[in-house]
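What follows is a single structure, written as structure tokens, with notes after it.
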């Protein structure tokens, strides 16, 4: 009887559990982290949020992978391969300069004909930018949550870094979605919270520069230059093996070049030249390989 029951049990169909969606997994992890935080288990709560973040990042990587370029046309590929073989064979038998030129001309003519017959198709992304932007906004929200937990457990530096990451991610996502007005508010908030961080300054200045708002972009670059030259820049992201002085100079050279571009767009030719001269002089003092970021 026991054996019969065992065989009967083995004969039952096995139903695989349906895979959970990324949104459901993240929601569950968020709830778990909130419960852990309520119990004062800050390290565990932050670890849970990090796990949720990894899940979203994996989904983002998959979205980008799915949006990769489509495979090339096999007929086009074979035709080009045949043409290449023809070219090599013809050049082997071409003994004079005139004959080689004739082969090259014929090759170019045949190649153009093939390009017209098999035009290279541009591959539209299978995943729109709005999809990855949505995931970036979710990542920003998780960074905000982690920042809150670190603040409450008395860890201001990681909290500040996570808040900055959240603002940068939110800014880029809103730009990708074409929501420029909200993005501008985020950019200004980022600059207000991290005015001494060169990465944050560059992010905001680039935002305005890409919108062709050169007066504001120049102001932001100038603020970053003043902070760097005064030795007040926050270079906390610099690794322990890097020379902070050299890293600061690399930022300074970059900022001078960008502000020179803005000056040129504003018709301030003399200021643009002076800024470029300072960029060159600053970069001349860099030690090769010492300020890689």
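The values are calculated or read from the model by the stated rules, or taken from the named source; none is laboratory data. Note that the structure is a prediction, hence the values are computed from the model and not measured. Cβ sites come from the backbone with ideal geometry, for glycine too, and all protein chains shown count toward neighbours.
Looking at segment 283-291, can you tell me whether even one residue there is modelled with pLDDT under 95, in a helix (DSSP H, G or I), under 27 Å from the mean Cα position of the chain (by Cα) and surrounded by 14 or more Cβ atoms within 10 Å (Cβ to Cβ)? Looking for residues that are modelled with pLDDT under 95, in a helix (DSSP H, G or I), under 27 Å from the mean Cα position of the chain (by Cα) and surrounded by 14 or more Cβ atoms within 10 Å (Cβ to Cβ), one finds at least one in segment 283-291, hence yes. With respect to the conditions (1) out of contact with any helix residue (DSSP H, G or I) (no Cβ under 7 Å at 6 or more places or on another chain); (2) part of a helix (DSSP H, G or I); (3) farther than 19 Å from residue 22 by Cα, residue 95 lacks only one, and its number is (2).
Based on this model, can you work out whether residue 37 counts as in contact (Cβ under 8 Å) with a residue 24 or more places away in the chain, under 30 Å from residue 132 (Cβ atoms), more than 29 Å from the chain's Cα centre (by Cα) and assigned to a helix (DSSP H, G or I)? In short, yes.
Conditions (1) under 32 Å from the mean Cα position of the chain (by Cα); (2) at pLDDT 75 or above; (3) in the same structural domain as residue 163 (by TED's automatic domain parsing); (4) surrounded by fewer than 16 Cβ atoms within 10 Å (Cβ to Cβ), marked per residue:
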| residue | (1), (2), (3), (4) |
| --- | --- |
| 2 | no, no, no, yes |
| 11 | no, no, no, yes |
| 51 | yes, yes, yes, yes |
| 57 | yes, yes, yes, yes |
| 76 | no, yes, no, no |
| 100 | no, yes, no, yes |
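Only one entry of 174, 114 meets the criterion of being touching a helix residue (DSSP H, G or I) at 6+ places or on another chain (Cβ under 8 Å), in a helix (DSSP H, G or I) and at pLDDT below 85, and that entry is 114.
State the number of residues belonging to segment 118-154 that are at pLDDT 80 or above and either part of a helix (DSSP H, G or I) or surrounded by 16 or more Cβ atoms within 10 Å (Cβ to Cβ) (or both). The total comes to 22. Residue selection: residue 238 satisfies the criterion of being closer than 30 Å to residue 284 by Cβ and at pLDDT below 95.
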